[in-house]
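Below you'll find the structure, written out as structure tokens, and then a few comments.
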Amino acid sequence: MSAMLFSETLHEGWAQTFRMDEVLFEVRTEHQHLVIFRNPFWGTVMALDGIIQTTERDEFIYHEMMTHVPILAHGSARKVLIIGGGDGGILREVTKHAGVEAVTQVEIDEKVVEMCKQYLPNHSAGAFDDPRLNLVIDDGVNFVRTTDEKFDVIISDSTDPVGPGEVLFESPFYEGVKRCLNPGGVFVAQNGVVFMQGEEVTNSHRRLSPLFADVHFYHAAVPTYVGGSMTFAWATDNPELRRQSVEVIRERFEASGIETRYYTPELHVGSFALPKYVQDLMLA
Ligand code: SAM
């Protein structure tokens with residue numbers, strides 16, 4: 001019997017293909033198509049609407065960089081908001097910060113949380129039971145435009161701007177983020193693999209710039225987000241937040257007592273250095 005294959009449908013005319021040794025779960029939820037399968041190299045893999053979301057083998061890179069860069073740059077984050085993040089990887093990393101007193105997570109699809117708890121247990125690693133968590137099942141754009149809560153760090157761990165994730169890349173969402181961010185706060189967001197999705201850098205920069213004093217990007221190479229480095233959007237009214245020295249970041253990192261497999265203070269600081277073509281895309 002020929003092997004079952006999963007071929008990603010994110011890009012036109014080019015795709016990564018995974019052998020599916022076992023399909024653990026597949027459903028069309030109220031919002032999107034969800035499949036979780038086993039692959040001999042990547043371990044358990046989850047895809048939404050034909051797009052790879054996360055794999056057991058390389059998830060640490062993305063989750064560490066999307067969490068520790070904003071929280072350690074901020075330096076005294078007490079309240080954190082996660083938009084999306086249904087697999088629980090970001091939540092796991094956020095709850096490692098003892099200084100964080102409250103985490104609100106707004107995820108549109110309860111099925112993703114339920115299935116990832118069951119089939120990707122190491123992603124959340126029990127973080128969904130953390131007493132600091134307030135889990136809200138809602139569209140992130142509704143939440144940020146209506147909540148009366150304020151946050152020090154907001155992390156948008158969304159799908160690509162396809163389907164339910166589309167609204168999380170548009171101005172109404174960004175305006176909502178701005179209204180619920182505390183002074184000195186910082187917003188970061190999954191902003192696509194820039195070599196393949198350069199228009200996301202241009203669009204995010206154009207839409208965030210009227211709202212924040214400092215809009216930039218940082219990056220990390222995540223193997224299963226194919227096509228080169230993934231960029232993360234960065235927006236804050238405090239331009240100093242991304243210009244701190246390695247020494248300051250290292251001091252905070254060591255004080256946190258957090259063990260990482262990708263993140264280092266040097267990578268934190270260096271990840272804001274962008275290739276010339278990315279700088280050009282920002283201003284296109
Ligand atoms: N790390 C992945 C990536 O970079 O592609 C994203 C991981 S996580 C699975 C993405 C989550 O965003 C999913 O759980 C999805 O249900 C959620 N999501 C999509 N649109 C959303 C919206 N408008 N509001 C809240 N959550 C949303």
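With all distinct Cα pairs included, what does the Kirkwood hydrodynamic radius of the stretch 11-52 come out to in Å, to one decimal, could you say?
One over the average 1/r among Cα pairs gives 11.0 Å for the stretch 11-52.
P(r) tail for the stretch 95-181, what percent of Cα pairs lie past 18 Å?
Roughly 48 percent, rounded to a whole number.
Along the positive direction of the dipole of the stretch 25-163 (beta-carbon charges: Lys, Arg +1; Asp, Glu -1; about the Cα centre), which of Ala102, Phe25, Gln53 reaches farthest?
Ala102
State the volume of the convex hull built on the alpha-carbon positions of the stretch 5-84, expressed per residue in Å³ and rounded to an integer.
Taking only Cα atoms, the stretch 5-84 has a hull volume of 126 Å³ per residue.
To the nearest 500 deg cm²/dmol, what mean residue ellipticity at 222 nm is calculated for the chain from DSSP H runs of n ≥ 4 alone, each contributing -39,500 (n - 2.57), summed and divided by the residues?
-8500 deg cm²/dmol
Given 0.36 nm per residue, what is the gain on full extension from Glu199 to Ser76 after removing their alpha carbon distance, in nm?
41.0 nm
Pop out the carbon and sulfur fraction of the accessible area of the stretch 10-101 as a percent, whole number, probe 1.4 Å.
Exposed carbon and sulfur together represent 45 percent of the surface.
At 7 Å along Cα-to-Cβ for each site, give me the label-to-label distance between His33 and Glu259 in nm.
Placing both labels 7 Å beyond Cα along the Cβ direction yields 3.9 nm.
Note down, for the stretch 205-255, the three equivalent ellipsoid semi-axes (square root of 5 times each alpha carbon gyration tensor eigenvalue), biggest first, whole angstrom.
Equivalent ellipsoid of the stretch 205-255: 22, 21, 7 Å, largest first.
Want the number for Asn238 to Phe41: 0.36 nm per residue separation, take away the alpha-carbon distance, what's left?
Working it through step by step, the gained length comes to 66.7 nm.
Only helices at least 18 Å long along their own axis, judged from Cα atoms, and with Kyte-Doolittle mean hydropathy of 0.0 or greater: name those in the chain from DSSP H.
59-74
Which pairs break 31 Å Cα to Cα here: Lys96/Lys276; Lys111/Lys150; Lys178/Lys276?
Lys96/Lys276
What nm value, rounded to one decimal, do you get for the distance between Asn134 and Tyr277 when each label is placed 7 Å out toward the C-beta?
Distance between label points: 4.4 nm.
Would you mind checking the stretch 29-45 for residues with the amide N under 15 Å from a putative spin-label position 7 Å along Cα→C-beta of Gln16?
Counting only backbone N, you get 37-45.
Just how much of Asp129 is accessible, in Å², when a 1.4 Å probe is used and the result is rounded to the nearest 10?
So the heavy atoms of Asp129 present about 120 Å² to solvent.
Just the number, please: Stokes-Einstein D of the chain in µm²/s, Kirkwood Rh from C-alpha pairs, 4 °C, 1.567 mPa s.
68 µm²/s
Dipole size in debye (nearest 20) for the chain around its Cα centre, Lys and Arg Cβ +1, Asp and Glu Cβ -1?
Roughly 520 debye for the chain.
The values are calculated or read from the model by the stated rules, or taken from the named source; none is laboratory data. Keep in mind that this is a model prediction, so the values were computed, not measured. Virtual Cβ from ideal backbone geometry, glycine too; neighbours counted across all protein chains shown. Accessible surface is based on the protein model in full, side chains and every heavy atom, while ligands, DNA and RNA are left aside. Shrake-Rupley method; radii C 1.70, N 1.55, O 1.52, S 1.80 Å.
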